[in-house]
1. DSSP loop trypsin sites (Lys or Arg not before Pro) in region 26-77 with at most 15 other Cβ atoms within 10 Å of their Cβ, which ones?
2. Please calculate how many Å² of accessible area the chain carries per residue, with a 1.4 Å probe and no DNA, RNA or ligand atoms counted.
3. Using each residue's phi in region 55-66, evaluate 6.51 cos²θ - 1.76 cosθ + 1.60 at θ = phi - 60° and report the 3J(HN,Hα) Karplus result to the nearest Hz, with x for Gly and Pro.
4. So if I take the centroid of the Cα atoms in region 20-59 and the same for region 213-230, what is the distance between those two points in Å?
5. Any chance you could give the angle, 0 to 90 degrees and rounded to 10, that helix 27-40 forms with the longest Cα principal axis of the chain?
6. Restrict the search to region 109-180; then list the chymotrypsin sites (Phe, Trp or Tyr not before Pro) that DSSP places in a loop and that have at most 15 other Cβ atoms within 10 Å of their Cβ.
7. Can you work out D for region 45-123 in µm² s⁻¹ from Stokes-Einstein, where Rh is the Kirkwood radius over C-alpha pairs, the temperature is 25 °C and the viscosity is 0.890 mPa s?
8. How large is the convex hull of the C-alpha atoms of region 80-208 per residue, in Å³?
Amino acid sequence: MDMQSTVEIAPGVELPLLGLGTWQTTGNETYAAVRAALELGYRHIDTATMYRNEDQVGRALADSGVARDGVFVTTKLPPGRAGAERATLAASLDALGLGHVDLWLIHWPPSGGARPDVWERLLELQGEGLARAVGVSNYSLDQIDELERATSRLPAVNQIEWSPALYDEATLRGHRSRGVQLEGYSPLKTMRLRDPRLVRIADAHGVTPAQVVIRWHIEHEVVVIPKSTRPERIASNADVFGFSLSEDELEVLDRFRS
């Protein structure tokens, strides 16, 4: 595997396993981070209406020289914009300077509910070619099942907070059995990077604990979008394809929660 390794989330739609998250970045720092990531070989950028940085992501994409079909772009519908899906996506596309996004997600369950009516409108806009794939974020498996019961269509992706500290085998298997790709955000936020178990594994491979955590996602074929605005950290987060974790090491990490 390498930085361009992907998983298929819909017919003809390949999502890179590694991407750059842009949560809590704004202005020129967003622009610089996206430019740095693209120069390093990242081909997956994650943003959202709620992040208020789509314009800077779009400017970086335009200035990068990377062909549009060479970059996978995700954005998200805020729950408070339920009922205004078309206008929200139009505003996102305008800010990004794109004719379509590769993946559009419902950012959080609106008012805590699955809202099949909102999901139906995402499917409608996908059908018009404005999003190549659609999905959800922060949904439970029960809420995903509710969407399928109402529309006979499953989300392509569910993006949730994920790390060894949050690992739950039933959650991972539940998504896989439904054919819903799991994508993890904030992979390092919940981790104790100085934990001796993690440090031992990192030392064995001559890498950092953060790199072990990112590699753990990839070993499980969970899409991972670490966020950083520091070029050296963006580079380090991508330097995870020169080693692999053993079954024993994966087991240690899978049990990190306990």
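The values are calculated or read from the model by the stated rules, or taken from the named source; none is laboratory data. Computed from a predicted model, the values in this text were never measured in an experiment. For neighbour counting, all protein chains shown are included, and Cβ atoms are generated from backbone atoms with ideal geometry for every residue, glycine included. Protein only, heavy atoms only, side chains kept; ligands, DNA and RNA dropped before computing areas. Shrake-Rupley method; radii C 1.70, N 1.55, O 1.52, S 1.80 Å.
1. Qualifying residues, ordered by number: Arg52.
2. Spelled out: the 1.4 Å probe surface of the chain, per residue, equals 43 Å².
3. 5, 6, 4, x, 5, 5, 4, 5, 7, 6, x, 7
4. About 16 Å separates the Cα centre of region 20-59 from the one of region 213-230.
5. Value to nearest ten degrees: 60.
6. In loop regions of region 109-180 (DSSP not H, G, I, E or B), there are no sparsely surrounded chymotrypsin sites (Phe, Trp or Tyr not before Pro).
7. Using the Kirkwood radius from Cα pairs, D works out to 190 µm²/s.
8. 142
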